[in-house]
1. Hey, does segment 221-237 have a residue that's surrounded by fewer than 20 Cβ atoms within 10 Å (Cβ to Cβ) and either at pLDDT 95 or above or within 16 Å of the ligand (Cβ to nearest atom) (or both)?
2. In this structure, does residue 54 turn out to be within 16 Å of the ligand (Cβ to nearest atom), modelled with pLDDT of 95 or more, more than 20 Å from residue 423 (Cα to Cα) and not assigned by TED's automatic domain parsing to the domain that holds residue 273?
3. Select, from 96, 139, 91, 157, the only residue that is among the hydroxyl-bearing types (Ser, Thr, Tyr) and within 14 Å of the ligand (Cβ to nearest atom).
4. Has segment 273-294 got any residue that is among the hydroxyl-bearing types (Ser, Thr, Tyr), within 16 Å of the ligand (Cβ to nearest atom), surrounded by 24 or more Cβ atoms within 10 Å (Cβ to Cβ) and under 19 Å from residue 221 (Cβ atoms)?
5. Of these, 100, 33, 71, which one is surrounded by 18 or more Cβ atoms within 10 Å (Cβ to Cβ), closer than 24 Å to residue 408 by Cβ and either in the same structural domain as residue 265 (by TED's automatic domain parsing) or within 24 Å of the chain's Cα centre (by Cα) (or both)?
6. Does residue 240 satisfy being within 14 Å of the ligand (Cβ to nearest atom), touching a residue at least 12 places away in the same chain (Cβ under 8 Å) and touching a helix residue (DSSP H, G or I) at 6+ places or on another chain (Cβ under 8 Å)?
7. Scanning for something surrounded by fewer than 24 Cβ atoms within 10 Å (Cβ to Cβ), among the acidic types (Asp, Glu) and over 23 Å from residue 185 (Cβ atoms), does segment 199-208 turn up at least one residue?
8. Quick one: count up the residues across segment 257-272 that are assigned to a loop (DSSP other than H, G, I, E, B), near the ligand (Cβ under 10 Å from one of its atoms) and in contact with a strand residue (DSSP E or B) (Cβ under 7 Å, 6 or more places away or on another chain).
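The values are calculated or read from the model by the stated rules, or taken from the named source; none is laboratory data. This is a predicted model, so every value here is computed, not measured. We place every Cβ from the backbone using ideal geometry, glycine too, and count neighbours over all the protein chains shown.
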Amino acid sequence: MSMPEQRRILATAIPGPRSLARQAQRKAELADGLGTTMPVFIDRAGGGVLVDVDGNHIIDLASGIAVTSVGAAHPAVTKRIADQAERFTHTCFLVTEYDGFVDVAAALNRLTPGDHAKKTALFSTGAEAVENAIKIARTATGRPAVVALGHAYHGRTNLTMAMTSKNVPYKQGFGPFAPEVYRVPSPYPYRWPSGPERAAEEAFATLKDIVTTQIGITNVAAIVAEPIQGEGGFIVPPPGYLKAVQEFANENGIVFVADEIQTGLARTGAMFACEHEGVVPDLITTAKALAGGMPLAAVTGRAEIMDAVAAGGLGGTYSGNPVACAAALGALEVIETENLVARAREIEERVLPQLEELVTPISVVGEVRGRGAMLAMEFVKPGTSDPAPEVAKAVVERCHQQGVLTLLCGTYGNVIRLLPPLVIPFDLLDEAVDVLVDAVRSVG
Ligand code: PLZ
């Protein structure tokens, strides 16, 4: 099957009649707790396009939430999946071994920042990777406490819900949550009370104070941070903050964990977002873009920390599934050979200036920010920095009607985020940005 035609086609209203009919059945069959951003059913996808069941060609600025960086059907991925599936779909690595698991681990050990000895363990989902990073950090340190940031997102399992900051919809009604999780303020430059230039220093001072006076340094196993906060609003930390936290952790026997599940593997214009600041984490969690759409996640880090857990302590039936590993080897090959790190930077250079032009003339655009192909626009009430989620939602809906898939994020639901596949053709990207800019101008 060839790649879907790489252009926007509006064949029907969006959602079209077939999607609407499927929607009705969905309503009857699926639990209401499953949300959907854009109510269209997809028939095929690839490159920068999603084709729905009504024949609409939708420009993809979401990548299935930062997953399909190489597109949703890159032949380097799909061919390896097919070949592996024909050979075998599963053995369980805890039962018998296979090459893909070791090869993916070797690639991550090579690609992650730092030239220290590294080891990797594979899992299936991002939340599972974060949980395992904590298991490893607790064993390595013999300490219980975990420090997470305001606006953090780390997953939907019990421990990762506890680490996640936003209540609705992620936590409401789902407690009690795992104990020994402590929160420190995120140095959110746009919303830092005494101004962006004070954010790094003051947020770090507060972290130090909370760790020292409320938790006790010798009780802290890990400090976990997303190097750019994803679900929380594409919050880029002010320069120096992450480095200060990493050094503080290292000086005090605390494991510094970078959750690069959304930011990792070329997305931000570096292989890992930590590299923008010369930060070398002790442990890094990856998932999403790792396996080109297949469920695969990893914890990679200092060999002596990774080896703290005794044999049998880490695992999972599907952890490092062979088909997912085959897909990952394809995706990683594409990321390296097609130089998607540089491609992400080109996307930033192309898109960010166009969005920045909106900040002054359109009063509801509070800030534009991001790195590489992880870009966002925060919407506010005119003349204030009060969140305007209804404006963000109206812009997103307009984009959807025009065949451009954009996503919301942010603790206040007022941020539009752009996460295009890194392989998106530039003419398609430009067209999508035109649609978005028009939508902002007409709503704003
Ligand atoms: N850590 C930084 O971004 C997943 C969430 C989608 P899983 N983000 C998308 C949703 O609403 O469920 C994410 C992340 C960071 C961890 C995770 C969790 O990864 O693969 O969804 O478990």
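1. No - not one qualifying residue is present in segment 221-237.
2. Working: within 16 Å of the ligand (Cβ to nearest atom): no; modelled with pLDDT of 95 or more: yes; more than 20 Å from residue 423 (Cα to Cα): yes; not assigned by TED's automatic domain parsing to the domain that holds residue 273: yes.
Judged against the criteria, residue 54 is not a match.
3. Numbers: 96 fails: within 14 Å of the ligand (Cβ to nearest atom); 139 fails: within 14 Å of the ligand (Cβ to nearest atom); 91 fails: within 14 Å of the ligand (Cβ to nearest atom).
Step by step, each of 96, 139, 91, 157 is checked, and only 157 is among the hydroxyl-bearing types (Ser, Thr, Tyr) and within 14 Å of the ligand (Cβ to nearest atom).
4. To start, the set of residues in segment 273-294 that are among the hydroxyl-bearing types (Ser, Thr, Tyr) comprises 285-286.
With the extra rule that they be within 16 Å of the ligand (Cβ to nearest atom), the set shrinks to 285-286.
Narrowing the set further to residues that are surrounded by 24 or more Cβ atoms within 10 Å (Cβ to Cβ) leaves 285-286.
Still in the running and under 19 Å from residue 221 (Cβ atoms): 285.
Yes, that holds for at least one residue.
5. Values: 100 fails: closer than 24 Å to residue 408 by Cβ; 33 fails: surrounded by 18 or more Cβ atoms within 10 Å (Cβ to Cβ).
From the options 100, 33, 71, the qualifying one is 71.
6. On the way: within 14 Å of the ligand (Cβ to nearest atom): no; touching a residue at least 12 places away in the same chain (Cβ under 8 Å): yes; touching a helix residue (DSSP H, G or I) at 6+ places or on another chain (Cβ under 8 Å): yes.
Taking the combined requirement at face value, the residue does not satisfy it.
7. The answer is no, given that none of the residues of segment 199-208 is surrounded by fewer than 24 Cβ atoms within 10 Å (Cβ to Cβ), among the acidic types (Asp, Glu) and over 23 Å from residue 185 (Cβ atoms).
8. Residues of segment 257-272 that are assigned to a loop (DSSP other than H, G, I, E, B), as a first pass: 260-272.
The next check asks that each one be near the ligand (Cβ under 10 Å from one of its atoms); those that pass are 260-264.
Next, from what is left, pick out any that are in contact with a strand residue (DSSP E or B) (Cβ under 7 Å, 6 or more places away or on another chain): 260-261, 263-264.
Looking only at that region, the number is 4.
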